């Protein structure tokens, strides 16, 4: 009998059918990934496996059997005994998934005691043991820390420890590494791999990232609109996708080893940072988010800035456009020192939700730079905005629509149109595609490339995703803790990195080829042993 | 724990600064009013000779900061003043003397304070127990009839003015049903049982309304916590509903309950004025209303300072308790 | 990704940005709440009564200030003659004990005072609160520090005590209802409003769309007016709606204590001052103003609550609970690097270090 048996599962939220007649099974000890973009219903499936939709008003039909329990037919008590003990779930955001008020060890002990008749002391001891097992150093002491005292990666380890507390047969991991930096992601994926080998538990991984799936599972099931598109061994599906959608998805995934297609000819230097430093806080708590960074941006080229969270890349971007003043050093535009905002240097923001005023029509937002520089001719403004909307792939008729009527990708296009309205020479893009699905991501990246060629724009492309940066950049700056670690032509930095940190970053990027992933994993383990 | 000590220190300094600012504001508002300050301070019935004496006592000829200095000196070091015939010493903390009765303000406050403190602290126990209990019950029975009924009752509670509920309670319980005698204050040290019985109605009339606020807050903040991701974690791990409600949802509400309690103590001090007047309890509030009516300025200023002191103290204490309940604020 | 799904997907994640669009949605959400509708009707009726007070009393043929000694039993201390406190065709709700003034007239004129004073106070509170809050939120460190300190002092001041004390020193020549409104407004209410506005301003100021407006080249004041104020409208209206009933209570309480609105101007709180003495002989003297107060404050509170729900984006998204949508790759957007510089402190560093102990 298989560990997990899903037959004809359908989940509806009112009129929205999130999962539509999905069937799959998982043998004991096997690993399956559900891969799909947002809205594909993959997380809804994960919730259904533990009966988490019960009592939420969702309509669930079909059968789900987990380790012999029929989840839909089970009584509340049977369901309670299934959850955690036979099948445990690891959630996406480790900070919000733990109670901020209790020590991590106590939270794990509480879960253990929900399933085993043991004393408080024994449960605590067990918590320390599982924390040790997931690689938390000094576990006995760290078990007394609260979640906010842990780093992101350690929190995710703690959540996995919680899952291990009752020795489940099935581990359901819902986007377990999405909120983590790439190097930490690699560590967590390695940990999942090791634990699976040691305990023989089954793994159901839910992810939007094809690379993460390639790193961790045997089989993959590609989902779209609540239905299964394609399934099979991960190597086979990724190497030779049978379905059009799978191909489209894989084509859209940026590759860290693919060079930028056609590099435009770079012109004169338009924007230059010399020794910029920016501090936050005062007194003892002061720290430099950016420290002594110098770089140049030339007309027509793209400078990629890559770094993990806390590397100061966003602070740098905000200084380049003049939203933040440097504490030391200067920003020069067209050879002259410049403070404050500058219409010629615009920005595209990360979050398509918060970067547009929800109470104003998108046309009005785009028209802002025009009105701000004193244009009064209403018809002229409307015509220019219509032109910009069409230029970024939207319709002129969208002028009076509100941001909430658009999808994430469309909003990002609006943001680009707004930046263009100022007739800029430089656009700083701060994580412009990180909130988007890969297929949308590819479209927005393509649009930026086209605009650059057409208008001779200089682009600064800030991102945490090494593959996306490679795809768009002519030159690359690698940042770490506010400092520039490596800076040079993209191909040099990616193909023959000089700095160990850059090498480490590149080695942590998930490979799309399972065999390569296995080799890399072995390579990552060796220095740890050494 | 070093961060915590620093946090407490910062809050204490903050409270001292606030008190200082409060005293300046009060001094300026009351003693730098347009018109004849000595006349206003002394009250409408003073003779010109008395007014002249008051003007001397308040050092009205000196610049403002010197006058304020004298005022502070009185509080911290005590003061000598002449009553016309003799010189009397007013020991620190000296808040001056009532020109209506001739008593020292500090003495008046000391005799009235136990009544008000009994009233507010007793009511606090009731509003906390009743409010949090109701809040937990409605969060526990969410979506059912119990919750809807409790929500309606608490909404009505927040909408009732203190003195209306007090009036109704007094008339129904003491007047019609004769379950309790009309309250008369008995000292706690004299007879604890009578003290409690006599304060029961004032407590209730002050606490019922505040309890409604706590019930609403507890419910809202528990429901908010119940919608958070970490609750989903514990559900997904088979932790029972009771443990989730008590251990996690209620724990999540404690910080906001503490914060609300600080504000409520402040508003209850005001509510106590009404309750004391209504039930005829000889507390600070009743005295204050009387002092306002006869324009006994030194008494008014003294009372305002003392209540301000207690409210600032309550707020500082709440800040520290809040930090104990939620350590993350120490880091912020 | 299907655009239809995408819209559903993103619409639900607007929690960082208050209410999506305008008045129409507000009315729809308000109309959906039956209790709020009833309350709105009651409030509308009360406002109508207050506005039409001279008309109504003219209809009755009475006024609120004329004494009717013939209608009270001076031998029994001034108890109204006749049943139910002297109810008659001339005096619809009877007359006041001791003075014989017409109850109906005093009640409807009392509504004018209650609503007028509380509305006036609310306007002042909202104006001062928004000005202080926006100034603190947009000002530099020192402006913020000073304004926040001042606000904190007022937050922790007991309203009743300060109002009482202030009423003692202001000369009686000052128009009393205006004075009461001003004192209620300045002593309390504005400070919590200012705190809320400051917090909201700080949140909004860090939103990317405000940064985008700066990049467009707009000046600060224009950004404050165009981008910030509309964002403050929802919480501001909510708070103001809840201030009105609490101001009514405050006015009634001050008048009850005999230091608020002074006779002969009628006020509900003032009518209750001596009601406990008369409740057996003239129960309507207690019941009418108490009921009027309760109904008014209750209706306004329910309406305020309805407004809050109608404007609260989270209340709106609660209707959506259980759609099971996960934030997928939004996680990075949700924990942005650019949120607050301080928050970036415990960074995830490469060889996983321990967080701050």
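General observations
- Looking only at the stretch A:119-150, and only at residues there that are part of a loop (DSSP other than H, G, I, E, B) and without any contact (Cβ under 8 Å) to a residue 24 or more places away in the chain, the one that is farthest from residue A:98 (Cα to Cα): A:119
- Restricted to the stretch A:77-108, and to residues there that are over 15 Å from residue B:236 (Cα atoms) and crowded, with 21+ Cβ neighbours inside 10 Å, the residue that is nearest to the other protein chains (Cβ to nearest Cβ) is A:101.
- Selection within the stretch A:223-235 - on the phi < 0 side of the Ramachandran plot, touching a strand residue (DSSP E or B) at 6+ places or on another chain (Cβ under 6 Å) and not in a strand (DSSP E or B): A:234
- Meets criteria (out of contact with any strand residue (DSSP E or B) (no Cβ under 9 Å at 6 or more places or on another chain), closer than 23 Å to residue B:290 by Cα and modelled with pLDDT of 80 or more) for residue B:66: no
- Residue A:370 being over 30 Å from residue A:477 (Cα atoms), in a helix (DSSP H, G or I) and facing chain C (nearest Cβ under 10 Å): yes
- When A:249, A:316, A:324 are screened for being within 14 Å of chain C (Cβ to nearest Cβ), touching a helix residue (DSSP H, G or I) at 6+ places or on another chain (Cβ under 6 Å), surrounded by 18 or more Cβ atoms within 10 Å (Cβ to Cβ) and not in a strand (DSSP E or B), only A:324 passes.
- Residue check for residue A:46: within 9 Å of another protein chain (Cβ to nearest Cβ), in a helix (DSSP H, G or I), touching a residue at least 40 places away in the same chain (Cβ under 8 Å) and within 19 Å of residue B:231 (Cα to Cα): yes
- Residue under evaluation residue A:393, criteria (1) buried (at least 17 other Cβ atoms within 10 Å of the Cβ); (2) away from every other protein chain (no Cβ under 12 Å); (3) in contact (Cβ under 8 Å) with a residue 40 or more places away in the chain, criterion not met: (1)
For every residue, the table says whether it meets (1) closer than 20 Å to residue C:291 by Cα; (2) surrounded by fewer than 16 Cβ atoms within 10 Å (Cβ to Cβ); (3) at pLDDT below 80.
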position	(1), (2), (3)
C:2	no, yes, yes
C:15	no, yes, yes
C:27	no, yes, no
C:31	no, yes, no
C:34	no, yes, no
C:41	yes, yes, no
C:51	yes, yes, no
C:60	no, no, yes
C:65	no, yes, yes
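- Residues in the stretch C:86-110 that are under 29 Å from residue C:177 (Cα atoms) and in contact with a strand residue (DSSP E or B) (Cβ under 7 Å, 6 or more places away or on another chain): C:91, C:94, C:95, C:97, C:98, C:100, C:101, C:102, C:103.
- Selection count where residues are touching a residue at least 60 places away in the same chain (Cβ under 8 Å) and either facing chain C (nearest Cβ under 8 Å) or in contact with a helix residue (DSSP H, G or I) (Cβ under 9 Å, 6 or more places away or on another chain) (or both), scope the stretch A:49-61: 1
- Of all residues in the stretch A:343-352, those being within 7 Å of another protein chain (Cβ to nearest Cβ), surrounded by fewer than 24 Cβ atoms within 10 Å (Cβ to Cβ) and either farther than 17 Å from residue A:417 by Cβ or touching a strand residue (DSSP E or B) at 6+ places or on another chain (Cβ under 9 Å) (or both) number 0.
- Residue match in the stretch C:127-134 (condition: away from chain B (no Cβ under 13 Å), closer than 10 Å to residue C:198 by Cα and out of contact with any helix residue (DSSP H, G or I) (no Cβ under 6 Å at 6 or more places or on another chain)): yes
- Residue A:220 falls short on exactly one of the conditions (1) assigned to a helix (DSSP H, G or I); (2) touching a strand residue (DSSP E or B) at 6+ places or on another chain (Cβ under 8 Å), and that condition is (1).
- Test for residue A:124: is it more than 12 Å from chain C (Cβ to nearest Cβ), surrounded by 19 or more Cβ atoms within 10 Å (Cβ to Cβ) and over 27 Å from residue A:178 (Cβ atoms): yes
- Matching residues in the stretch C:209-233 - criterion: being touching a residue at least 12 places away in the same chain (Cβ under 8 Å) and either facing chain A (nearest Cβ under 7 Å) or closer than 18 Å to residue A:324 by Cβ (or both): C:209, C:210, C:213, C:220, C:223, C:227
- Selection within the stretch C:164-184 - within 8 Å of chain B (Cβ to nearest Cβ) and either touching a strand residue (DSSP E or B) at 6+ places or on another chain (Cβ under 6 Å) or not in a loop (DSSP other than H, G, I, E, B) (or both): C:164, C:165, C:166, C:167, C:168, C:169
- Test: residue in the stretch B:250-258 that is within 12 Å of chain C (Cβ to nearest Cβ) and at pLDDT 85 or above: no
- In summary, helices (runs of 4 or more DSSP H) completely within the stretch A:414-530 and bearing 3 or more residues that are free of Cβ contacts under 8 Å to residues at least 40 places away in the same chain and surrounded by fewer than 21 Cβ atoms within 10 Å (Cβ to Cβ) occur at A:438-455, A:500-508, A:514-529.
- If you filter the stretch B:153-172 down to residues that are more than 8 Å from chain C (Cβ to nearest Cβ) and either under 14 Å from residue C:289 (Cα atoms) or over 26 Å from the mean Cα position of the chain (by Cα) (or both), you find that the one that is surrounded by the fewest Cβ atoms within 10 Å (Cβ to Cβ) is B:172.
- Failed item, numbered, when residue C:100 is tested on (1) modelled with pLDDT of 90 or more; (2) assigned to a loop (DSSP other than H, G, I, E, B): (1)
- Of everything listed in (1) within 10 Å of chain C (Cβ to nearest Cβ); (2) under 25 Å from residue B:314 (Cβ atoms); (3) more than 21 Å from the chain's Cα centre (by Cα), the single unmet condition for residue B:227 is (2).
- The stretch B:282-332: number of residues that are surrounded by fewer than 22 Cβ atoms within 10 Å (Cβ to Cβ), touching a residue at least 12 places away in the same chain (Cβ under 8 Å), assigned to a loop (DSSP other than H, G, I, E, B) and at the interface with chain C (Cβ under 10 Å from one of its Cβ atoms): 2
- Among the residues of the stretch B:97-107, none qualifies, meaning not one is in a helix (DSSP H, G or I) and within 15 Å of the chain's Cα centre (by Cα).
- Annotation: of all residues in the stretch B:20-38 being within 9 Å of chain C (Cβ to nearest Cβ) and either touching a helix residue (DSSP H, G or I) at 6+ places or on another chain (Cβ under 6 Å) or within 23 Å of residue B:307 (Cβ to Cβ) (or both), the one that is modelled with the lowest pLDDT is B:33.
The values are calculated or read from the model by the stated rules, or taken from the named source; none is laboratory data. In this text the structure is predicted, and so the values were computed from the model without any measurement. Neighbour counts run over all protein chains shown; Cβ positions are idealised from the backbone, glycine included.
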